[in-house]
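The values are calculated or read from the model by the stated rules, or taken from the named source; none is laboratory data. This one's a predicted model, so the numbers in the text were calculated from it and none came from an experiment. All Cβ positions, glycine included, derive from the backbone under ideal geometry; neighbour counts span all protein chains shown. Areas reflect the complete protein model, heavy atoms only, side chains present, ligands, DNA and RNA absent. Shrake-Rupley method; radii C 1.70, N 1.55, O 1.52, S 1.80 Å.
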Amino acid sequence: MSYKPTSLIFDLDLVSIRSEDYVARIPASLNTREKLFDALIQQLKLPAYFGENWDALSECLRDLSWIKTKRVIIVHSDLPPLDRHVLKTYLDVLEECITDWKPEEDHELFAVFPAYTREMILLLREDQSPQ
């Protein structure tokens with residue numbers, strides 16, 4: 001099976017976190033969309049206009065104007081144990097937003113997951129069956 005390329009990173013060492021980077025750490029125990037949004041609100045200091053839905057998350061991750069550092073790195077301690085559809089949507093939003101940022105722009109967005117989650121994420125991305 002051939003995998004589609006992914007913009008997610010599966011080895012924290014590949015990012016080389018610097019002291020000036022903004023790092024948001026997402027815990028492993030987030031088993032609902034609401035808990036995930038709460039963690040993202042807290043860790044990314046999402047603005048008050050964040051509407052706690054996928055479109056709003058996408059909008060915020062494509063803006064990041066409230067964060068003054070260029071590199072924003074979302075580090076996941078594990079793959080959140082979310083419903084498959086919710087997890088797939090979250091990963092899709094992350095990837096779309098990451099690839100939307102261009103090198104000459106004000107920010108760079110990275111999402112990092114543990115190496116052992118790589119195959120599971122890639123298989124989930126390949127799964128095109130109805131939700």
Residue that is nearest to LEU87 (Cα to Cα), among those in the range 36-57 that are touching a residue at least 12 places away in the same chain (Cβ under 8 Å) and either hydroxyl-bearing (Ser, Thr, Tyr) or open to solvent by 60 Å² or more (accessible area, probe 1.4 Å) (or both)
GLU52
Among the residues of the range 68-79, is any on the phi > 0 side of the Ramachandran plot and surrounded by 15 or more Cβ atoms within 10 Å (Cβ to Cβ)?
no
Mind checking whether some residue in the range 110-118 is exposed (fewer than 15 other Cβ atoms within 10 Å of the Cβ) and at pLDDT below 95?
yes
For residues that are open to solvent by 60 Å² or more (accessible area, probe 1.4 Å) and touching a residue at least 12 places away in the same chain (Cβ under 8 Å), tally how many sit in the range 15-26.
4
Would you point out the residue of the range 42-76, among those that are touching an Asp or Glu at 6+ places or on another chain (Cβ under 8 Å) and charged (D, E, K, R), that is farthest from ILE98 (Cα to Cα)?
GLU52
Consider LYS102 carefully, then state whether it is open to solvent by 40 Å² or more (accessible area, probe 1.4 Å) and of a type outside the set (A, V, I, L, M, F, W, C).
yes
